[in-house]
1. Show the residue pairs that are 6+ apart or on different chains and have beta-carbon atoms under 8 Å apart, the first residue being within the stretch 61-90 and on the phi < 0 side of the Ramachandran plot and assigned to a helix (DSSP H, G or I), the second being of a type in the set (G, A, S) and surrounded by fewer than 11 Cβ atoms within 10 Å (Cβ to Cβ).
2. Return a yes/no flag: does the stretch 114-134 have any residue that is under 16 Å from the mean Cα position of the chain (by Cα) and part of a helix (DSSP H, G or I).
3. If only one of L175, L157 is exposed (fewer than 10 other Cβ atoms within 10 Å of the Cβ) and out of contact with any Ser or Thr (no Cβ under 9 Å at 6 or more places or on another chain), which one is it?
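No lab work stands behind these numbers, since they all come straight from the coordinates. Just so it is clear, the model here is predicted, and its values are computed rather than measured. A quick note on method: Cβ atoms are made from the backbone with ideal geometry, for glycine too, and the neighbour counts reach across all protein chains shown.
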Amino acid sequence: VNLQIQYHQVRFEILLYEFREERNTSVLLLWAPLPSANIADTVPELMSDRWQTQLAQLNLDLMEVRLAKAEAIKRMKEVSAELHQTRTQSHHQLESYNEQIRSLQEQHNLAAAELASAKSKVEQLSLEIVDYQTALRHRSETEQTLREFLRGKENELLLKEEHAEQYSNVLQREL
């Protein structure tokens with residue numbers, strides 16, 4: 001923004017110098033002697049010292065204006081080059097930032113995909129854990145039922161064994 005302001009200031013100075021130069025040229029034309037056969041003879045006759053001094057001063061002013069105009073043009077070119085360089089740097093920096101943004105977006109997308117995959121795996125593992133816990137519970141229940149069944153059978157065998165012993169004892173007594 002500062003470079004643009006400087007650019008416009010220099011441009012204004014050039015326009016101002018051009019206006020002054022045009023005005024001074026017009027003044028010079030007004031005071032210039034009329035063309036004649038021998039200008040060297042007519043100049044001293046038509047112009048007094050005062051007019052010659054004014055003409056010399058106007059010529060000096062015109063040279064100063066032209067010098068100032070040249071300096072202003074040079075300054076304007078420098079400011080324009082600096083502005084162009086700044087724009088180029090800004091453009092490159094903006095491209096760099098855009099590339100970084102694209103890279104970060106890609107990383108974000110990859111991370112989001114990995115997170116979704118991880119969530120899916122966690123859900124799958126959670127379902128497997130629930131299935132395993134259910135199977136374990138059924139197994140525990142089955143084991144408990146089998147234990148109770150085995151105890152019952154064991155008790156039956158003990159009873160049958162006792163009964164067989166008693167029957168054996170009875171048979172031995174009878175024998």
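1. Between residues of the stretch 61-90 that are on the phi < 0 side of the Ramachandran plot and assigned to a helix (DSSP H, G or I) and residues that are of a type in the set (G, A, S) and surrounded by fewer than 11 Cβ atoms within 10 Å (Cβ to Cβ), there is no close pair.
2. no
3. After applying the criteria, what remains is L175.
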